[in-house]
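Report on the structure given below.
Just so it is clear, none of the values below were taken in a lab; they were calculated from the coordinates. Fair warning: this is a prediction, and the values are worked out from it, not measured in the lab. Heads up, the Cβs are rebuilt from the backbone with ideal geometry, glycines too, and the neighbour counts pull from every protein chain shown.
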Amino acid sequence: LSDSQKQLVQQLNSEECGQSHLFADWPGMSPQDRTAVATQLEALDGAYGNGGLAGYVKNAVKLLENSRKGVNPLDGWEPQVPEGAAFEIGTDKYKATEAKGLEELGSIGFVLVAGGLGERLGYNGIKLELPTELATETCYLNYYIHYILSIQKKYGKDGCKLPLCIMVSNDTRAGTEALLKANNNFGMEEGQISIVQQGSGVPALLDNAAKFSMDETTKMVITKPHGHGDIHELLYTSGVAKTWYSEKGIKWLCFFQDTNGLAFHTLPLMLGVSKELDLVMNSLAVPRKAKQAIGGIAKLTKQGSDEVKTVNVEYNQLDPLLRGSGFPDGDVNDKETGFSPFPGNINQLLFQLKAYSDVLERTKGIMPEFVNPKYKDEAKTIFKKPARLECMMQDFPTVLSGDDAKKVGFTSISSDMCFSPVKNATSDGVGLQQKGTAPGVAATGEADQYGAFKAIMRSIGCQVEDAAEETHEGIKAVLSPQVVLKPDFVTCPAEYSEVFPSPDKVKISSKSSLVVSGPGSVVIESLDLDGALVIECPEGETVTVKDLTVKNDGWVREAADAGSPEYIRMRGYRFVKKETAKFGPGGLT
Ligand code: GDU
């Protein structure tokens, strides 16, 4: 062992750290096996920024003790519904705020958290490679990058490259890198993407003394993920936040998740709100159904003081907090609105980069942690399965201080405009849908993307019919017509009036499919569509659609079978493209 490894072993072996069980079998082990364990411990020690493994034990013992005693970290805080800005698509208020945000769109950096395994979804690959919808089969990573490149071209200063940082984990790194490589970074330049990796997790804990769980055969420590809150520490240690601010002229930071195909329609709106209200941190929020697995944003006031913070209360903590503070029914819907009074956090966050980066310099990006052990006994001394400390990225307001702590708010809009993740296995989604909660499955993620494009088109006056709901694998969704407007055609509602200058002359029937992409300039003046139409325009060219009527057999759906690929089986249907009209600079083909 190296000297540093010997020191670490000694430290962990000490009574204070209480990990001697890890080394009990060392006398009989080969030097190679011992080195392997010591190397793992050293890596875990280095990866835990909040004091190495000794710090981890100390923090865990404290949090486990609080959990055993039933101490609620939010005890003594009174929740209230916070103030924020709520919007509806198509209103003047929406347009005015979005217009303010558009001015900032060219100075934004993007952070994609994609280290999660997606256990609830049960998909075998990385989630970023999943198709967002079946009309074009564009995968999530392609969609995100294509969007960033499109706003860079439209709103960036000459030669600017809007940066993207992707947080991966041990589970997702290889898949993410392979996907980027196979597709030449989907058009981004090499230096434009930074990849940061979460540690390989933190030790799983067996008991209240924070004894590490160990694999009996290899004698290695068993680890579990530490949560998406790691992103802040990584943006600090990698220097990404600081470099983007000081060298790349980036002013805003947008955090988003791995499978939300509606992530960006409302980005300029959010930017407008941040600018107007001078928000250091702005969370995109949606009306939340009680008990839905999204946190509630709450304004908390410390009893007997004027200390106030606006923060996400995670879905498992909201009910006990409410019950303990004057809301005896806990997390329930408001009878009038049918929604929880607390806006739902969808973890799409927008920060002022300067303030954010300054906080990182002060805190090194360390987030508060929590532990959630499930106990077997009443005395709360035996765990059903090993626990671990976790942290969440939306907890950032807890490390803000002074004036910054007051500059936290949210932008709320109905979820069909901004949020439809693919997180759940179809069978679980069926149950959620029956309860009236968004199922978060592949089919609804797809339907909602078409739905958002259609809603924005309707908001400016286009005539877009909707077909009846279809049911596949027990999930109900409106899958037709399919409308996909690529970001090199339009990136946000403000642009729709430019590309549809006479919206009342655009008619799309319920059995239609419309896919429009640039990168050249496309304007749709008048169109009567009853079938499938794909409009494409190469760079430097122009396409004007005028007096065009298209009627054909279009695209239909057929049931998936056992031989279909996994991304099709999770939907239960596939597309059969019977007939497609194509329109380009030369007209109809
Ligand atoms: N992720 C990581 N590393 C991790 C865990 C997760 O990068 O260790 C990433 C995932 O890849 C994903 C994002 O973080 O992109 C969110 O992860 P989950 O989907 O597992 O998160 P949850 O559904 O548990 O909850 C989070 C927030 C909620 C709510 C919800 C909305 O904690 O408050 O906003 O997302 O989707």
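Given axes a ≥ b ≥ c from the Cα gyration tensor, I'd like to know whether region 502-589 is rounded (a/c under 1.5), prolate (a/b larger than b/c) or oblate.
Judged from the Cα gyration tensor, region 502-589 comes out prolate (a/c at least 1.5, a/b above b/c).
Once the Cα atoms of helix 92-102 and of the chain are each reduced to a long axis, what angle between those two axes, in degrees from 0 to 90 to the nearest 10, is obtained?
70
I need the calculated FRET efficiency for the pair residue 332 and residue 468, taking r as the beta carbon distance and R₀ as 30 Å, to the nearest 0.05.
Working from the Cβ atoms, E equals 0.40.
Could you list the square roots of 5 times each eigenvalue of the Cα gyration tensor of the chain, that is, the equivalent ellipsoid semi-axes, sorted largest first and rounded to whole Å?
The answer is 44, 27, 25 Å, longest axis first.
Would you mind counting up the charge near residue 531? Only other residues with Cβ under 14 Å from its Cβ, with Lys and Arg at +1 and Asp and Glu at -1.
Cβ neighbours under 14 Å give a net charge of +1.
Pull up all non-local amide H partners of residue 557: gap of 5 or more, or a different chain, and H-to-H distance under 5 Å with H placed in the peptide plane.
So residue 557 has HN proximity to 576.
Name the trypsin sites (Lys or Arg not before Pro) in region 293-348 that are in a loop by DSSP and that have at most 13 other C-beta atoms within 10 Å, would you?
On the way: sites: 299, 302, 309, 323, 335; in loops: 335.
Answer by residue number: 335.
What FRET efficiency do you get for residue 36 and residue 15 if R0 is 35 Å and r is their Cβ-Cβ distance, rounded to the nearest 0.05?
My answer for the efficiency is 0.85.
Say R0 is 22 Å: what FRET efficiency, to the nearest 0.05, do residue 552 and residue 523 get from their beta-carbon distance?
Between residue 552 and residue 523 the formula returns 0.45.
If you take the C-alpha gyration tensor of region 449-531, multiply each eigenvalue by 5 and take the square root, what semi-axes do you get, largest first, in whole Å?
Largest first, region 449-531 gives 23, 14, 11 Å.
Quick check: the distance between the Cα centres of region 438-505 and region 541-568, to the nearest angstrom?
Between the Cα centre of region 438-505 and that of region 541-568, the gap is 14 Å.
Compactness ratio of region 289-348: Cα Rg over 2.2 N^0.38 Å, N = residue count? The partial results should precede the final answer.
On the way: Rg = 11.6 Å, N = 60, 2.2 N^0.38 = 10.4 Å.
That ratio works out to 1.12.
Between residue 165 and residues 5 or more places away or on another chain, which pairs have amide H atoms under 5 Å apart, with H built 1.01 Å from N, and which residues are they?
Placed amide hydrogens put 110, 111, 112, 194 under 5 Å from residue 165.
Using per-residue counts of other Cβ atoms within 10 Å, averaged over each peptide, order 499-505, 220-226 from highest down.
Ranked by mean Cβ neighbours within 10 Å, highest first: 220-226, 499-505.
Expected output is a single nm value to one decimal: the length gained when fully extending between residue 1 and residue 580, i.e. 0.36 nm times separation in residues minus the C-alpha distance. What is it?
Here the segment from residue 1 to residue 580 would lengthen by 201.8 nm.
Relative to the longest principal axis of the chain, what angle (0 to 90°, nearest 10) does the C-alpha long axis of helix 173-182 take?
In the chain, helix 173-182 runs at an angle near 30 degrees to the longest axis.
When the Karplus curve 6.51 cos²θ - 1.76 cosθ + 1.60 is applied with θ = phi - 60°, which whole-Hz ³J(HN,Hα) does each residue of region 54-67 get, with x for Gly and Pro?
Working through the residues one at a time gives 5, x, 4, 4, 4, 5, 5, 4, 5, 5, 5, 4, 4, 5 Hz.
Percent of alpha carbon pairs in region 102-141 separated by more than 10 Å?
Details: 598 of 780 pairs.
Result for the distance tail: 77 percent.
Taking the mean number of other Cβ atoms within 10 Å as a proxy for protection, how do you rank 452-464, 530-542 from highest to lowest?
452-464, 530-542
What residues have an amide H closer than 5 Å to that of residue 249, excluding those fewer than 5 places away on the same chain, when H is modeled at 1.01 Å from N in the peptide plane?
Amide H neighbours of residue 249: none.
Which whole number in µm²/s is D for region 241-346 by Stokes-Einstein, with the Kirkwood Rh taken over Cα pairs at 20 °C and 1.002 mPa s?
Answer, rounded: 134 µm²/s.
Determine ³J(HN,Hα), in whole Hz, for all residues of region 561-578 in sequence, where each value follows from phi through the Karplus function 6.51 cos²θ - 1.76 cosθ + 1.60 and θ = phi - 60°; x replaces Gly and Pro.
Along region 561-578, the couplings run 10, 4, x, 5, x, 4, 5, 7, 4, 5, 9, x, 9, 10, 8, 10, 8, 6 Hz.
Multiplying the sequence separation of residue 564 and residue 81 by 0.36 nm and subtracting their Cα-Cα distance, what value in nm do you get?
169.2 nm
Taking other Cβ within 10 Å of each residue's Cβ, how do 26, 252, 77 sort, fewest first?
Details: 26 15, 252 24, 77 21.
In increasing order of surrounding Cβ atoms, one gets 26, 77, 252.
Which value results when the Cα radius of gyration for region 33-84 is divided by 2.2 N^0.38 Å?
Normalised by 2.2 N^0.38 Å, the Cα Rg of region 33-84 equals 1.80.
As I understand it, the value is the acute angle between the Cα axis of helix 442-460 and the longest principal axis of the Cα atoms of the chain; what does it come to in degrees, rounded to 10?
Its long axis makes an angle of about 50 degrees.
How many nm separate the modelled label positions at residue 207 and residue 96, each set 7 Å beyond the Cα in the direction of the Cβ?
6.4
So, by mean Cβ neighbours within 10 angstrom, what's the order for 66-74, 364-372, 507-515 with the highest one leading? Before the final figure, lay out each step's value.
On the way: 66-74: 13.6, 364-372: 18.2, 507-515: 20.7.
Output ranking for 66-74, 364-372, 507-515: 507-515, 364-372, 66-74.
Once you put a point 7 Å from the Cα of residue 69 and another 7 Å from the Cα of residue 137, both along the Cβ direction, what distance in nm separates them?
5.9
Would you kindly state how much longer the chain becomes between residue 362 and residue 154 on full extension, computed as 0.36 nm times their sequence separation minus their alpha carbon distance, in nm to one decimal?
71.3 nm
When the Karplus curve 6.51 cos²θ - 1.76 cosθ + 1.60 is applied with θ = phi - 60°, which whole-Hz ³J(HN,Hα) does each residue of region 246-256 get, with x for Gly and Pro?
3J(HN,Hα) across region 246-256, in whole Hz: 7, 10, 9, x, 7, 10, 10, 10, 10, 9, 8.
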